[in-house]
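Peer 1: One structure follows; several queries about it will come next.
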Amino acid sequence: MSASKKTAGAVAAALLLPLAIGAGPAHADDPVGPGATAKTAEKTAEEKRKAEEEKKKAAQPKPPANMSSVGGALLGLPGTQVKLGTGAPVLPKELSARSWIVADAESGAVLASHNAHWRLAPASTLKMLFADTLLPKFPDKKRAHLVTGQDLAGIGEGSSLVGIKEKQSYTVRDLWLGVFLRSGNDAVHVLTQMNQGLAKTVGEMNAHAAELQALDTSVKSPDGYDAPGQVSSAYDLTLIARSGMQKPDFREYAATVRTAFPGEAKAGKKRETFEIQNTNRLLTGDFGIAPYPGIAGVKNGNTTHAGATFTGVAERNGRVLLVTVMNPSSEEQHAVYKEAARLLDWGFAASGKVTPVGELVPPRNARTGTVANPSAGTGAGAATGTADGGASPAPGKEHPATGGPAVQAAAGKDAGGAGVALAVVGGVLALLAAGAFLVNRRWPAAGGAVLRRRPRTAGPGPGPGVNP
């Protein structure tokens, strides 16, 4: 090729290049409307969001490969365990918790679970064990206690408080309302001192956990404040809640929405009160979340190490379900409550359409026949077998390292020391359903009638200008 032709070709290429770049590749189906750029940007943003979610999931800690199999072999496996039958709904997609469980409170059947025995920090859900252990020790709810400086010593920085003051008197009932409604670590510390101190209380809580076969649980601080080695599991917290709900006072406090709490007493004046409201948002509702129909408690928690935790119990059409959710990674507001509500909805829809993947085992004393009626020592597993067709493990084999009218029930007897036996034949599991129902339940079989009551608001209602 001559030099003149080469020069002419180079000039032509230089002239055409900007046109080619500006035009871009031509496609018959390229969007040309004004919304094309917006749609592309929207698609790109969605892709980025999904990539971020996948990245977060990959960064989450992984459950141990081997966990306790108390309640059934499937419960010891990592990941989600469910056996869907004909017509059963699929599990909700919007679940981000490290661990969760859905169980029938009456039969003990575990309908589905996810890392059920993963030992995680429990936060204030551990207060359920504190209450289940100590409530029988203070039967006189009107007993008054003058608070000392020692009572309030050692409360962790940033703790949730109900507002207890030194040199002020509070009744046992006041203190328990502070524990259940405001998750008050100050109320826990006062009751701990009334129980002869931290070491005794922690020892009794650990012993009671062992009695309940909550063998993933190790208590270091009775209020659930983060402490090295303090752990529980979704399975254990569900066992503990089931035990606590056998006690009338526990049910009463857990279902109380709001109450008047004593303020500071001043000489020559009537002692003023201030309103406290339950921090369980499925019970009270909050911005962006409505009260869950049929909710009856029980306890929520949140610490830096534990994240958000929640155990709830609800009744619908005569069926009572327990759910525990631990440490959701979702940034959705009120994620722990919303995921618990989704699991409850699923559980009610799936009841009778799934094969249980395990069971909530009865306490050791029930298994050995030392309850008031030996026939009560049969759980769901004893009647139907565990999910994998075998018997539940032998106790200890899997151990790793308000207000309102009082509900009358056949209360459990103190087993001595820390263990509180569940004398459950004839006992009542009374659940507030949407502020209306108290459902009677025997342990573990159903029995009794449905009673209708008013919602539980302890003490006088909110005064003028008080936002309920």
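The values are calculated or read from the model by the stated rules, or taken from the named source; none is laboratory data. Being a predicted model, the structure only gives us computed values, none of them experimental. Because the Cβ atoms are built from the backbone with ideal geometry, glycine has one as well, and the counts that use them run over all protein chains shown. Surface areas here come from the heavy atoms of the whole protein model, side chains and all, with no ligands, DNA or RNA. Shrake-Rupley method; radii C 1.70, N 1.55, O 1.52, S 1.80 Å.
Peer 1: Give me a count of the residues in region 124-145 that are among the small types (Gly, Ala, Ser) and either open to solvent by 10 Å² or more (accessible area, probe 1.4 Å) or in contact with an Asp or Glu (Cβ under 8 Å, 6 or more places away or on another chain) (or both). It would help to see each step written out before you state the result.
Peer 2: Quick first cut of region 124-145, residues among the small types (Gly, Ala, Ser) only: 124, 131, 144.
Narrowing further to those that are either open to solvent by 10 Å² or more (accessible area, probe 1.4 Å) or in contact with an Asp or Glu (Cβ under 8 Å, 6 or more places away or on another chain) (or both): 124, 144.
Total meeting the criteria: 2.
Peer 1: In region 309-356, how many are among the β-branched types (Val, Ile, Thr) and within 24 Å of Gly87 (Cβ to Cβ)?
Peer 2: First, the residues of region 309-356 that are among the β-branched types (Val, Ile, Thr): 309, 311, 313, 320, 323-325, 336, 354-355.
Okay, now just the ones that are also within 24 Å of Gly87 (Cβ to Cβ), so 320, 323, 354-355.
Total meeting the criteria: 4.
Peer 1: Since Leu111 meets every condition but one in (1) farther than 17 Å from Phe261 by Cβ; (2) outside any helix (DSSP H, G or I); (3) open to solvent by less than 10 Å² (accessible area, probe 1.4 Å), which condition does it not meet?
Peer 2: Result: Leu111 fails condition (3) only.
Peer 1: Just one of (1) within 27 Å of Thr171 (Cβ to Cβ); (2) in contact with a His (Cβ under 6 Å, 6 or more places away or on another chain) trips up Ile289, so point out which.
Peer 2: All conditions are met except number (1).
Peer 1: Which ones in region 271-289 are outside any strand (DSSP E or B) and over 17 Å from the mean Cα position of the chain (by Cα)? It would help to see each step written out before you state the result.
Peer 2: The initial filter retains those residues of region 271-289 that are outside any strand (DSSP E or B), namely 271-272, 278-285, 287-288.
Passing the criteria: Arg271, Glu272, Phe287, Gly288.
Peer 1: Kindly indicate whether Phe261 is over 17 Å from the mean Cα position of the chain (by Cα), of a type in the set (A, V, I, L, M, F, W, C) and open to solvent by less than 10 Å² (accessible area, probe 1.4 Å). Walk me through it before giving the result.
Peer 2: Values: over 17 Å from the mean Cα position of the chain (by Cα): yes; of a type in the set (A, V, I, L, M, F, W, C): yes; open to solvent by less than 10 Å² (accessible area, probe 1.4 Å): yes.
Yes: the conditions hold for Phe261.
Peer 1: Conditions first: (1) farther than 17 Å from Phe180 by Cβ; (2) open to solvent by less than 10 Å² (accessible area, probe 1.4 Å). Ala241 passes all but one, so which condition is the exception?
Peer 2: For Ala241, the exception is condition (1).
Peer 1: Here is a follow-up. From the set of residues in region 80-101 that are of a type in the set (Ser, Thr, Tyr) and open to solvent by 40 Å² or more (accessible area, probe 1.4 Å), which is nearest to the chain's Cα centre (by Cα)? Please lay out each step first, then the result.
Peer 2: Residues of region 80-101 that are of a type in the set (Ser, Thr, Tyr), as a first pass: 80, 86, 96, 99.
Next, only the ones that are open to solvent by 40 Å² or more (accessible area, probe 1.4 Å) stay: 80, 86.
Numbers: Thr80: 18, Thr86: 29 Å.
Residue satisfying both the conditions and the ranking: Thr80.
Peer 1: Another one. Quick check on region 290-305: of everything there that is in contact with a Leu (Cβ under 7 Å, 6 or more places away or on another chain) and not in a strand (DSSP E or B), which residue is surrounded by the fewest Cβ atoms within 10 Å (Cβ to Cβ)?
Peer 2: Filtering region 290-305 for residues that are in contact with a Leu (Cβ under 7 Å, 6 or more places away or on another chain) and not in a strand (DSSP E or B), the one surrounded by the fewest Cβ atoms within 10 Å (Cβ to Cβ) comes out as Pro291.
Peer 1: Go through region 207-219 and report how many residues are closer than 21 Å to Ala116 by Cβ and assigned to a helix (DSSP H, G or I).
Peer 2: We begin by selecting, within region 207-219, every residue closer than 21 Å to Ala116 by Cβ; these are 208-219.
Checking which are assigned to a helix (DSSP H, G or I) leaves us with 208-211.
Within region 207-219, residues that are closer than 21 Å to Ala116 by Cβ and assigned to a helix (DSSP H, G or I) number 4.
Peer 1: For region 155-183, give me each residue that is modelled with pLDDT under 95 and either part of a strand (DSSP E or B) or in contact with a His (Cβ under 7 Å, 6 or more places away or on another chain) (or both).
Peer 2: The one that is modelled with pLDDT under 95 and either part of a strand (DSSP E or B) or in contact with a His (Cβ under 7 Å, 6 or more places away or on another chain) (or both): Ile155.
Peer 1: Also: Taking the stated definitions as given, is Glu204 open to solvent by less than 30 Å² (accessible area, probe 1.4 Å), among the acidic types (Asp, Glu), under 28 Å from Ala153 (Cα atoms) and in a helix (DSSP H, G or I)?
Peer 2: Working: open to solvent by less than 30 Å² (accessible area, probe 1.4 Å): yes; among the acidic types (Asp, Glu): yes; under 28 Å from Ala153 (Cα atoms): yes; in a helix (DSSP H, G or I): yes.
For Glu204, the condition - open to solvent by less than 30 Å² (accessible area, probe 1.4 Å), among the acidic types (Asp, Glu), under 28 Å from Ala153 (Cα atoms) and in a helix (DSSP H, G or I) - is met.
Peer 1: Could you identify the single residue in Ala314, Ala296, Ala290, Ala306 that is under 24 Å from Gln60 (Cβ atoms) and either at pLDDT below 95 or of a type in the set (Gly, Ala, Ser) (or both)? Walk me through it before giving the result.
Peer 2: On the way: Ala314 fails: under 24 Å from Gln60 (Cβ atoms); Ala296 fails: under 24 Å from Gln60 (Cβ atoms); Ala290 fails: under 24 Å from Gln60 (Cβ atoms).
Only one candidate passes the filter, namely Ala306.
Peer 1: Take Ala296 and tell me if it is small (Gly, Ala, Ser), farther than 24 Å from Ile155 by Cβ and within 18 Å of the chain's Cα centre (by Cα). Before you say what the answer is, go through the steps one by one.
Peer 2: Values: small (Gly, Ala, Ser): yes; farther than 24 Å from Ile155 by Cβ: yes; within 18 Å of the chain's Cα centre (by Cα): yes.
Against the criterion (small (Gly, Ala, Ser), farther than 24 Å from Ile155 by Cβ and within 18 Å of the chain's Cα centre (by Cα)), Ala296 qualifies.
Peer 1: Okay, moving on. Within the set of pairs 6+ apart or on separate chains, which have a first residue in region 200-212 that is under 13 Å from Asp132 (Cβ atoms), a second that is buried (at least 18 other Cβ atoms within 10 Å of the Cβ) and hydroxyl-bearing (Ser, Thr, Tyr), and C-beta atoms under 6 Å apart?
Peer 2: Filtered contacts from region 200-212: Thr201/Thr192; Glu204/Thr133; Met205/Thr133; His208/Thr133; Ala209/Thr217; Leu212/Ser243.
Peer 1: One residue is enough: does region 48-66 have a residue meeting the conditions open to solvent by less than 60 Å² (accessible area, probe 1.4 Å) and modelled with pLDDT of 90 or more?
Peer 2: yes
Peer 1: Being among the aliphatic types (A, V, I, L, M) and either outside any strand (DSSP E or B) or touching a Cys at 6+ places or on another chain (Cβ under 7 Å) (or both) is the filter here, so list the residues in region 314-354 that pass it.
Peer 2: Quick first cut of region 314-354, residues among the aliphatic types (A, V, I, L, M) only: 314, 320-323, 325-326, 335-336, 340-341, 343-344, 349-350, 354.
Correct list: Ala335, Val336, Ala340, Ala341, Leu343, Leu344, Ala349, Ala350.
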